[in-house]
Amino acid sequence: MRELLDQSHDALVPLALGSAALSHLPALELPSDRERPHVRVADAPLVEGPVLAAVAATGGDLDSVANEAATGQNMPKVP
């Protein structure tokens, strides 16, 4: 995340596992107050979330990318 923020990029942190929700807290302390608006945490599955986020990032802002990643929670896993 540090490398992305140093290059003036936004960062999305997908969380899918319960323990990941606890471990993301220290990571969110890394950005400065100036950088924090460029970081989002999404309740998103680890496979579908980043794929959906990458597609949304081609034209969306950080909030819409995070929201799109979270929609992966509702995708059917079995046809």
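No value in this document is a laboratory result; all are computed from the given coordinates. Please read all numbers here as calculations on a predicted model, not as lab measurements. Note that each Cβ is placed from the backbone with ideal geometry, even for glycine, and that neighbours are counted across all protein chains shown.
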Using r as the Cβ-Cβ distance of SER8 and ALA54, and R0 as 22 Å, what FRET efficiency do you calculate, to the nearest 0.05?
0.75
Given labels modelled 7 Å from the Cα in the Cβ direction, how far is it in nm from ASP43 to SER64?
2.3
Taking N as the residue count of region 37-79, its alpha carbon Rg divided by 2.2 N^0.38 Å gives 1.11
For the pair THR71 and SER32, how long in nm is the line joining their label points, each one 7 Å along Cα→Cβ?
3.6
